[in-house]
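Data first, discussion second: the structure below is written as structure tokens.
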Amino acid sequence: MDSTLLKFFLPALIAFAISTSPAAALEQNCRFIPAKPDREACYKRQEDELAAKRKPAPATDESKALETLRQLRQDDDAVYRSINNICRGC
């Protein structure tokens, strides 16, 4: 009987642990702050953190991008030259 209890209880416990995340608790704790200025400051912090997470990655150097583009064009030219050397209809 202990093994059947363990078979069902352990997966349920793991699923419960995964479903309760600290991030969800972080979002909920601001509304329970009784002082309005503190609560608004908490919301502002959360908004700033969310904006930081959504901020796109910084752009790479243009020189690196241009170097990559130049290399791709060289590779394409090499492929086109090799294709032209293929005998068609021999």
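The values are calculated or read from the model by the stated rules, or taken from the named source; none is laboratory data. What you are looking at is a predicted structure, and each value in this text was computed from that prediction instead of being measured. A quick note on method: Cβ atoms are made from the backbone with ideal geometry, for glycine too, and the neighbour counts reach across all protein chains shown.
Every residue, every condition in (1) modelled with pLDDT of 85 or more; (2) loosely packed, with under 10 Cβ neighbours inside 10 Å; (3) not in a helix (DSSP H, G or I), yes or no:
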{"position": "4", "(1), (2), (3)": "no, yes, no"}
{"position": "9", "(1), (2), (3)": "no, no, no"}
{"position": "18", "(1), (2), (3)": "no, yes, no"}
{"position": "40", "(1), (2), (3)": "yes, no, no"}
{"position": "58", "(1), (2), (3)": "no, yes, yes"}
{"position": "64", "(1), (2), (3)": "no, yes, no"}
{"position": "90", "(1), (2), (3)": "no, yes, yes"}
* Asked: Do we have residue 31 as surrounded by fewer than 10 Cβ atoms within 10 Å (Cβ to Cβ) and at pLDDT 75 or above here?
  -> yes
